[in-house]
Structure formats: C-alpha cells, structure tokens
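Worksheet: one structure, shown below.
FYI, it's all coordinate maths here, none of it is from the lab. If you're wondering where the values come from, they're calculated on a predicted model, not measured in any experiment. Positions of Cβ are generated from backbone atoms using ideal geometry, with glycine treated the same way; all protein chains shown enter the neighbour counts.
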Amino acid sequence: MTHIPSPNIETALQFTSLRNNVVGAWRFSGNYWAKSTWAPKIGRFINKYLYRIGFGAALNRYDSSFTIYSSWRDSRLYQGFDPDAKFLNFGSGSFFHKRWTNFDYPAQSRYYGAIQGKPGQDFHPIDLCADNLKLPYGDNTVSLIYCSHTLEHLETPRALHFLRECARVLGPNGVLRLALPNTQADLAHARIVSSQSAIDAGAKAACVDSAAWHILSSTKGTDSAQLAALFRDVGYDSQRFFDEAQSRFGAAISFDPAQPERHISHWTHDNLRALVEPCGFAAYLPLYRGASTQAPFKNLEVFDTTEPHIAFYGEFVGAETVG
C-alpha cells in the first residue's frame, strides 16, 4: 500500500491568494502556441530530459501560451510521497509531467494527436465510456488523480462508474481533483442579463445560447427564444435545465465517438457531494482554483489551466482520510 501525505483540508478550505502558488516561471504567449503541432514535442522533451536540472514546461492551448517553470520548486511539492507513487491524469490532452501518467481518448484529428503525443508512450488510450471499465491499477495503489474538463464528456452512468473506479484505486489519503464547467454561474449570468431592459435582445440571446451550450452541447442551434423560455421555466437552475432540455429539445446525452468533445452530463458541487458515499469516498470538498488538499495540485503552471474563468473545482478524498 502506497504512503500518501495526509490531505490538508483546513488550509484548502481557507481563502488564500494565488501568489501562494508561485513556483517561478517564464511565460510566452502568442496565437501560434494554440495551433502549433511542434510546441507539444518541445514541452515533452523539456519535461523528460531537463526536469532533473531545473526546467519543466507546460503548453496551454486555451490561453495560447508556453511556460517554462522551475522544476526544483515543483519537485518540492512532491515531498512526502513515495518515490514510486502513482499519479494519474484522465483526459490529459496536452498535459505532461515527468511524475504523472496520462490517459486520454484517442485523437480524432491530426492536431489533437500532436497534442497527446505517442500512444503507449506519452499517453495511454482509454475509453472512459467503455462497458465494464476497469482502471489498470490495484486497490489502494494510487496517490493522486487529476480529471480536468473530462467528466462532462461522459454519459452520467459511465461517469459514476469511473468515479467508483477512482475510489477503488486511490490509497488512504488519496485525492481525486476535478475541474468542470461552472454552469451554475452561467445560468446566474443569463438570469441577470435577461432581467435588464437596457440590454438588447441580441446580447441576451448570445448569453442564453452560450449558457445552454455549456450545459448540453447538442442545444447549439436551438432557437434562443425557446432556450430562454426554458431557463425561465426552470428558475435558471442548471440541473433542471439539463433534465428538461432532453425531453423538450431532444438534447443528446449519449457518447458519440466521432464527437468526444460534446458536453453530455451535468455536474455541480451539490450532485458531486451526493456521490461521496455511493462512490466510496470519505468526503467532497468544493474548492477554488489554486486551493488543494495536496501540494502537487498547487502548481498552477501545470494544473487548472483549462478555461479557469468558466470552471469550478472540487476534490474527493479517499475513504480512510481523517481530519
């Protein structure tokens, strides 16, 4: 059984400044980083061969930046973990870190293939919607799991099965960190915008369309007035909208291998909290970006870089966690 430092729950739940997450870095930005097929290769090279002498790299295709950070400071965040501790990232995309093992759905485009790297070497292909999914790890053998903007792409029953598998493989004090679309905030924005007569109809429709698509991708193209009417009918509640949109508009909630990027399930802090006991965790903690119960997640050059302005974060802690 792997040794995992106790999660620092008290500190994670306090409101702290992001300056506490600084590891030291040089950041380069430009439109080409988001489109480049060679930048991921450079990043993987740096992380594989230069990490030990002080350099780590991170490509963020969402804000089109390339960062070189201090691997010495980053490595201090792993103090207390066993040298052979297992760290897993599901839905890894362009993520690469010397100590983490990547899993992702096989690329559907040449560009995304370049982002992921070589199957079996830079990442391990996996279909989290597969029947009878079993993660390739024994019980209580994994220290940390990261899953950023992935759960919403899974059918709800398959997502629940995946979470149970995460609980199974996590060791005592293990943590699963999630990043997900903040759809509750989207609906709050739509409600506030719709209540103001000084805002024109086109702007209101754009706000409604964006909020609806963020919850269920297949609502894209639905008449804005109909979406706005449903928002009002459900009291701008994102869970109720998700449930009603399926029957009213025929919104798809099934996984399509040709469109793995679609949002087909819905998550909030409340429905994640409700899964603690059914999935086998000890607790669920609603958190902000930069706040974590485990130190490695505090390197914001590496973690929580996918659209942080429209995301929310939370952590499941392992079944034997105390504190």
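A few comments on the model shown:
- A Cα-only calculation for the range 102-160 places Rg and Dmax at 12.6, 36 Å.
- Acute angle (nearest 10 degrees) that the helix 224-233 long axis makes with the longest principal axis of the chain, alpha-carbon atoms: 90
- Scaled radius of gyration (Cα, divided by 2.2 N^0.38 Å) that the range 1-114 gives: 1.18
- Here the scattering of the range 280-323 is modelled by Debye summation over its C-alpha atoms, one equal scatterer each and no solvent; at q = 0.22 Å⁻¹ the log10 of I(q)/I(0) is -0.78.
- Highest mean first, the peptides 38-45, 98-105, 128-135 sorted by other C-beta atoms within 10 Å per residue fall in the order 98-105, 38-45, 128-135.
- Among beta bridges that DSSP assigns inside the range 19-120, antiparallel share in %, nearest 5: 75
- Inter-part distance, the range 122-139 to the range 201-251, computed on C-alpha centroids, equals 33 Å.
- Once backbone amide H atoms are built at 1.01 Å from N, LEU287 has TYR313, GLY314, GLU315 as its partners under 5 Å, excluding neighbours fewer than 5 places away on the same chain.
- Applying the Karplus relation 6.51 cos²θ - 1.76 cosθ + 1.60 with θ = phi - 60° to the range 93-107 yields 3J(HN,Hα) values of x, 8, 4, 8, 8, 4, 9, 10, 9, 9, 10, 7, 6, x, 4 Hz, where x marks Gly and Pro.
- Evaluating 6.51 cos²θ - 1.76 cosθ + 1.60 at θ = phi - 60° for every residue in the range 21-30, the Karplus couplings come out as 9, 6, 10, x, 7, 10, 10, 10, 10, x Hz, glycine and proline recorded as x.
- Residues whose amide H lies under 5 Å from that of GLU155, counting only those 5 or more places away or on a different chain, are PHE255; hydrogens are built 1.01 Å from N in the peptide plane.
- Think of the chain as a dipole: +1 on every Lys or Arg Cβ, -1 on every Asp or Glu Cβ, centred on the Cα centre; then among LEU50, ALA185, TRP38, LEU50 lies furthest on the positive end.
- Per residue, the Cα convex hull of the range 205-323 amounts to 147 Å³.
- The range 23-180, Cα convex hull volume normalised per residue, Å³: 119
- In order along the range 192-203, the phi-based Karplus estimate (6.51 cos²θ - 1.76 cosθ + 1.60, θ = phi - 60°) of 3J(HN,Hα) comes to 5, 5, 5, 7, 10, 5, 6, 8, 6, 4, x, 5 Hz; Gly and Pro are listed as x.
- Packing order of peptides 249-256, 196-203, 77-84, 155-162, highest average first: 155-162, 249-256, 77-84, 196-203 (average count of other Cβ atoms within 10 Å over each peptide's residues).
- Tail beyond 35 Å, pair distance distribution of the chain (Cα, percent): 22
- Volume per residue for the range 183-249 equals 68 cubic angstrom (convex hull of Cα atoms).
- Sum of -39500 (n - 2.57) over DSSP H runs of 4+, divided by residues of the chain (222 nm, nearest 500): -9000 deg cm²/dmol
- In degrees, nearest ten, helix 39-49 long axis to first principal axis of the chain (Cα): 30
- The packing ranking, built from the mean of other Cβ atoms within 10 Å per residue, places the peptides 112-124, 299-311 in the order 299-311, 112-124, highest first.
- Amide H contacts of SER65 (H built 1.01 Å from N, under 5 Å, at least 5 apart or other chain): ASN60
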